[in-house]
Amino acid sequence: MKRLIGILISCSLLVAAMGCASYAPVAVYTPNENCKLVSFKLGSEPDGFNGIKWETEVSSLGEMKSYRKDPTHGGIHFYLRAGDGYRLRSGKLIPIQYGFWRGKFYIGMVMTEQVSDWDALKQSVFEKFGVGAKPFTNKEEYLWIGKNATMALRYDEDSRKGTFYIRSHSMEKQMQ
């Protein structure tokens, strides 16, 4: 009986240790208590992204090439345009992903793969739209909330990738 109890305790400890080891640490972000909502710099709130107005039908944009589908919100279909991109000061073009929900333009997104590209993107966005609200003191993230659009600029230190997006409020309301 003692041997059986010993085996059960050993198995329980092993299962507990393996279960705990399978969980990666979760990042905890510290709220920035001095953070206030920020809108776009005067006159800079976009009515679309890179020349495509919110709610434009993808079928009216012949040069779009299907890229990927995101299953959230009933499926946002992302497209790329040949020869198109977000131009950094260095002249480098980063692909722009155009997201359409039910065929209508909802979100424009740029993703960086290198720290130098992230730094250049951040500088470019701040120059064009102003400095966004920083909701966390220990995370590289900035937000802008306008009348017609929400914009975010985020850097993930673990993957060393940056994301910049602008999305339509009117489309977001339709998706709810």
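We did not get these values from a lab; they are worked out from the coordinates using the rules stated. Keep in mind the model is a prediction, meaning the values are calculated, not measured. Here the Cβ positions follow ideal geometry from the backbone for every residue, glycine too, while neighbour counts run over all protein chains shown.
Here are the numbers for the structure shown:
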read-out: Straight-distance crosslink candidates among aspartates and glutamates, where the alpha carbon sits under 13 Å from Lys53 and sequence neighbours closer than 8 are dropped; value: Glu45
read-out: Calculated FRET value between Glu140 and Glu33, using beta carbons and R₀ = 22 Å, to 0.05; value: 0.75
read-out: Rh by Kirkwood over Cα pairs, then Stokes-Einstein D for region 30-175 at 1.567 mPa s and 4 °C, µm²/s; value: 82 µm²/s
read-out: Surrounding net charge for Ile96, when Lys and Arg each add one and Asp and Glu each subtract one, Cβ distance under 9 Å; value: 0
read-out: Reachable lysines from Lys134, criterion Cα separation under 21 angstrom, eight or more residues apart if same chain; value: Lys36, Lys41, Lys122, Lys147, Lys161
read-out: Calculated FRET value between Lys173 and Ser90, using beta carbons and R₀ = 35 Å, to 0.05; value: 0.40
read-out: Point-to-point label distance, Asp70-Lys104, nm (Cα→Cβ direction, 7 Å offset); value: 1.8 nm
read-out: Protection proxy ranking of 152-162, 112-122 - average other beta-carbon atoms within 10 Å, highest first; value: 112-122, 152-162
read-out: Relative contact order (percent, whole number), region 35-119, Cα cutoff 8 Å, 6+ residue spacing; value: 24 percent
read-out: Added length on full extension, which subtracts the Cα-Cα distance from 0.36 nm per residue, Asp119 to Glu55; value: 20.0 nm
